[in-house]
Amino acid sequence: MENSYSNIFTFNKNILKKTIYILNNGGVIGLPTETVYGLGGNAYSNKSIKRIFKLKGRPKFNPLIIHYNNITDAVNDIETNKNFKKLYKKFCPGPITFILKRKINSKIKPLACANLKTVAIRFPKHKIIRSLLKKIKFPLAMPSANKSASLSPVNAKDVNEEFKKNLSFILDGGVCKIGIESTVIDLTSDPKILRPGIINKRHIEKTLKKKVKNNNENKKISSPGMMKKHYSPGIPVKINQKKYDGKSAFVYIGRKYKNRKNFFCLSKTLSLDEAASNLYKIFRKIKKMGYKKIQISKIPNIDSGIAINDRIKRASKFK
Ligand code: TXA
Ligand code: MG
């Protein structure tokens, strides 16, 4: 063991064997993806899925994403279509989740999909999960590895912080490059983005050569996980802030407040991808430092800024 945590393991051949053993026996583990860390278990096993819901404290009506190595592994479980194939070719493996119709004889346990006729699937890019998915005979049901409604973890220690002794096996894959959750797109009829991410509407429209809808917040919740209070650091978050209140942690983008105490920069160069990758990292740091409130300045609502604004807006609903 190279670290002081008894439940965090560095990936190697022996650990891979142990990981496969745990998963084959209905166990649940923490593991890295390129977006955020996940809490993974066998999507064909009720035992695993029940454990995931229990550990997360997740309501049963909120379905899980099923992770595959490639499209060949997924075709027996889902109905493919043209839009899916185009997006798969362009972006996978990568940070995008597709909602598709579930095949009648799909082996995915209905419990993982909250008994819906649809299923969310994703093909993650991180080296560790890819080498694991190649070796196991089932896909991984895997939500982000955080307690329900809190911040997604972006390194192995964050996962430990969420579950402590209740999770005895976490694979260390370093810091997640992307840092926020995958884009979720519903492809069961006209394409509709349910959760914005780094792969944005513009990228998707360019690939599909057609207009794509955004989820309308005011309508009924079409993605069960898209509850308003979500992604919360556990302290109040105030968005679109112009004036520092003198005591909160102030989060911003650019160079305006360089080197000021209590000020935290998401990206000096105004890169929205970089800002997204730093968001949860900085929120967790602020919380740990003991601040009682987060103020955040206006974030441009374009490209990855749309995903950032989605998350901070939801975080701001926490009182
Ligand atoms: O980047 C990610 O997607 C990460 C990593 C670990 O892969 N996973 C993740 O999972 O963010 P989770 O469970 O935290 O978020 C899954 C989202 C939820 O909002 C859920 O409601 C939605 O996907 N979802 C799952 N199945 C769905 C379905 N059949 N229809 C609509 N939305 C669905
Ligand atoms: Mg989540």
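The values are calculated or read from the model by the stated rules, or taken from the named source; none is laboratory data. Being a predicted model, the structure only gives us computed values, none of them experimental. Note: ideal-geometry Cβ built from the backbone for every residue, glycine included; neighbour counts use all protein chains shown. What goes into the accessible areas is simple: the full protein's heavy atoms, side chains included, and nothing from ligands, DNA or RNA. Shrake-Rupley method; radii C 1.70, N 1.55, O 1.52, S 1.80 Å.
Taking the condition modelled with pLDDT of 95 or more, open to solvent by 50 Å² or more (accessible area, probe 1.4 Å) and outside any helix (DSSP H, G or I), does Lys219 pass? Reasoning before the result, please.
Values: modelled with pLDDT of 95 or more: no; open to solvent by 50 Å² or more (accessible area, probe 1.4 Å): yes; outside any helix (DSSP H, G or I): yes.
Judged against the criteria, Lys219 is not a match.
Go through Leu111, Leu194, Leu171 for me and flag whichever is modelled with pLDDT of 95 or more and over 17 Å from Gly41 (Cα atoms).
Leu194
Is there a residue in the range 56-67 that is of a type in the set (Phe, Trp, Tyr), under 23 Å from Thr19 (Cα atoms), within 20 Å of the chain's Cα centre (by Cα) and in a loop (DSSP other than H, G, I, E, B)?
Within the range 56-67, none of the residues are of a type in the set (Phe, Trp, Tyr), under 23 Å from Thr19 (Cα atoms), within 20 Å of the chain's Cα centre (by Cα) and in a loop (DSSP other than H, G, I, E, B).
Has the range 158-169 got any residue that is within 13 Å of ligand 1 (Cβ to nearest atom) and more than 13 Å from the chain's Cα centre (by Cα)?
Among the residues of the range 158-169, at least one is within 13 Å of ligand 1 (Cβ to nearest atom) and more than 13 Å from the chain's Cα centre (by Cα), which makes the answer yes.
From the set of residues in the range 143-152 that are open to solvent by less than 20 Å² (accessible area, probe 1.4 Å) and either out of contact with any Leu (no Cβ under 6 Å at 6 or more places or on another chain) or in a helix (DSSP H, G or I) (or both), which is farthest from ligand 1 (Cβ to nearest atom)?
Step one: of the range 143-152, the residues open to solvent by less than 20 Å² (accessible area, probe 1.4 Å) are 143, 145-146, 151-152.
Imposing the further condition that a residue be either out of contact with any Leu (no Cβ under 6 Å at 6 or more places or on another chain) or in a helix (DSSP H, G or I) (or both) reduces the set to 146, 151-152.
Details: Asn146: 8, Leu151: 11, Ser152: 6 Å.
The qualifying residue farthest from ligand 1 (Cβ to nearest atom) is Leu151.
What's the number of the only condition in (1) within 16 Å of ligand 2 (Cβ to nearest atom); (2) within 16 Å of the chain's Cα centre (by Cα) that Ile193 fails to meet?
It fails just one condition, (1).
Against the definition (at pLDDT 95 or above, of a type in the set (Gly, Ala, Ser) and closer than 29 Å to Ile235 by Cβ), how does Ser106 come out, yes or no?
Taking the combined requirement at face value, the residue does not satisfy it.
Which one is most open to solvent (accessible area, probe 1.4 Å), of the residues in the range 64-90 that are in contact (Cβ under 8 Å) with a residue 24 or more places away in the chain and over 25 Å from Gly41 (Cβ atoms)?
Only one residue fits best here, namely Lys90.
Give me a count of the residues in the range 153-165 that are more than 16 Å from ligand 2 (Cβ to nearest atom), within 17 Å of Ser277 (Cα to Cα) and open to solvent by less than 30 Å² (accessible area, probe 1.4 Å).
The total comes to 1.
With the structure loaded, tell me whether Ile66 is at pLDDT 95 or above, touching a Leu at 6+ places or on another chain (Cβ under 8 Å) and away from ligand 2 (no atom under 15 Å from the Cβ) or whether it fails that test.
When the stated conditions are applied, Ile66 does not pass them.
Can you tell me which residues in the range 1-33 are open to solvent by 10 Å² or more (accessible area, probe 1.4 Å) and among the hydroxyl-bearing types (Ser, Thr, Tyr)?
Hits for the range 1-33 are Ser4, Tyr5, Ser6, Thr10, Tyr21.
Residues checked against (1) among the basic types (Lys, Arg); (2) crowded, with 17+ Cβ neighbours inside 10 Å; (3) in contact with a helix residue (DSSP H, G or I) (Cβ under 8 Å, 6 or more places away or on another chain); (4) at positive phi:
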position	(1), (2), (3), (4)
Leu167	no, yes, yes, no
Ile180	no, yes, yes, no
Asp190	no, no, no, no
Lys210	yes, no, no, no
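Would you be able to tell me the number of residues in the range 20-38 that are of a type in the set (Phe, Trp, Tyr) and in a loop (DSSP other than H, G, I, E, B)?
Going through the range 20-38 one residue at a time, the tally reaches 1.
I'm trying to understand the selection: among the residues of the range 118-132, which are within 12 Å of ligand 1 (Cβ to nearest atom) and assigned to a helix (DSSP H, G or I)?
Of all residues in the range 118-132, those within 12 Å of ligand 1 (Cβ to nearest atom) come to 118-126, 129.
Within the range 118-132, Ile129 is the sole residue that qualifies.
Please name all residue pairs, on different chains or six or more residues apart, with Cβ atoms under 7 Å, provided the first residue is in the range 273-290 and is at pLDDT 95 or above and the second residue is open to solvent by 80 Å² or more (accessible area, probe 1.4 Å).
Qualifying pairs under 7 Å: Ser277/Lys177.
How many of the residues making up the range 91-103 are open to solvent by 20 Å² or more (accessible area, probe 1.4 Å), in contact with a strand residue (DSSP E or B) (Cβ under 8 Å, 6 or more places away or on another chain) and not in a loop (DSSP other than H, G, I, E, B)?
Total satisfying the criteria: 3.
Write out, first by first residue and then by second, each pair whose Cβ atoms fall under 6 Å of each other, whose residues are 6+ apart or on separate chains, and whose first residue, in the range 132-153, is at positive phi while the second is open to solvent by 10 Å² or more (accessible area, probe 1.4 Å) and within 10 Å of ligand 2 (Cβ to nearest atom).
Ala149/His230
For the structure I just gave you, tell me whether Asn115 is surrounded by fewer than 22 Cβ atoms within 10 Å (Cβ to Cβ), on the phi > 0 side of the Ramachandran plot, outside any strand (DSSP E or B) and out of contact with any helix residue (DSSP H, G or I) (no Cβ under 9 Å at 6 or more places or on another chain).
yes
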